[in-house]
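This report refers to the structure that appears directly beneath it.
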Amino acid sequence: MLEWPEYIEAFVVLLALFNPLGMVPVFLGLTASCTPGERRRIALVGAASAAAVLLVCLVAGELILNTFGIGIPSFRVAGGVLIGLIALSMMRPAARGPEKPSTESSVAVVPLAIPLLAGPGTISTIIILASKGTSLGHDLLVGAAIIAVTTIVLVALLLAPLTESVLGKTGIRVLTQIMGLILAAIAVEFIADGLASLLPGLAAAGQG
């Protein structure tokens, strides 16, 4: 198992990747023509679907990698690159968002749950976290972090109209850029850990 500070860091990483405040304008755009009841259903289905995808990755992600012959160090480097790209996009001044799908059901699952919430960077992070421990307690703690973050996202989506009216688009953009900076630092850490395992000589030289 990891140390408690590392589980707290895992929670922060997931929170930054999900970026609940950054999802507010995207969610409002996707559900612009929906009634309040439809918005609530979309938020519930989207958050629950994202949690389900990530919990499956927590349990079976490493098995999937082994099936394709992909090592965890290589996946850490790839995951770090993906997270870095997400971080860069979050720090851009221009707001980003997907095109609006045509049906309510597709909005809830695609693109809200996949890939906006449970995207490549988030899935990569979960598989990497799962590989850092083999005990049931470890999986339960990471699973608890997933549930906690998706619950926060659900609350943010349910309160999206109020949040946007209070913070405004500028406030949300600033907070999103701060989250992006945090993710960029975490991405560097993932890449460094992966390279240290793939190139142990490089790690030894860095310590010398």
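Extending 7 Å from the Cα toward the beta-carbon at both Ile64 and Leu198 defines two label points whose distance is 2.0 nm.
For the chain, just say rounded, prolate or oblate: build the C-alpha gyration tensor, square-root its eigenvalues into a ≥ b ≥ c, call rounded for a/c under 1.5, and beyond that prolate if a/b exceeds b/c, oblate if not. Note, shape of the chain comes out prolate. Under 10 Å, Cα contacts only: if you run a Gaussian network model on the chain, which one of Gly171, Gly37, Gly61 comes out with the highest mean-square fluctuation? Maximum fluctuation in the GNM of the chain, among the listed residues, is at Gly37.
Calculated [222 nm] ellipticity per residue, helices only, for the chain: -27000 deg cm²/dmol; basis is -39500 (n - 2.57) per DSSP H run with n ≥ 4, divided by all residues, nearest 500.
What are the DSSP H helices in the chain that stretch 20 Å or more along their long axis, judged by alpha-carbon atoms, and whose average Kyte-Doolittle hydropathy comes to at least -1.0? Helices passing the filter in the chain: 4-18, 36-67, 72-91, 136-158, 160-198.
May I ask which residue of Ile191, Ala160, Leu58 lies farthest towards the positive end of the charge dipole of the range 4-199, with charges of +1 (Lys, Arg) and -1 (Asp, Glu) on Cβ and the Cα centre as origin? Looking along the dipole axis, the top candidate is Ala160.
No value in this document is a laboratory result; all are computed from the given coordinates. Since we're looking at a predicted model, the values are computed, not measured. Cβ coordinates were reconstructed from backbone atoms using ideal geometry, including for glycine residues, and neighbour counts include every protein chain displayed.
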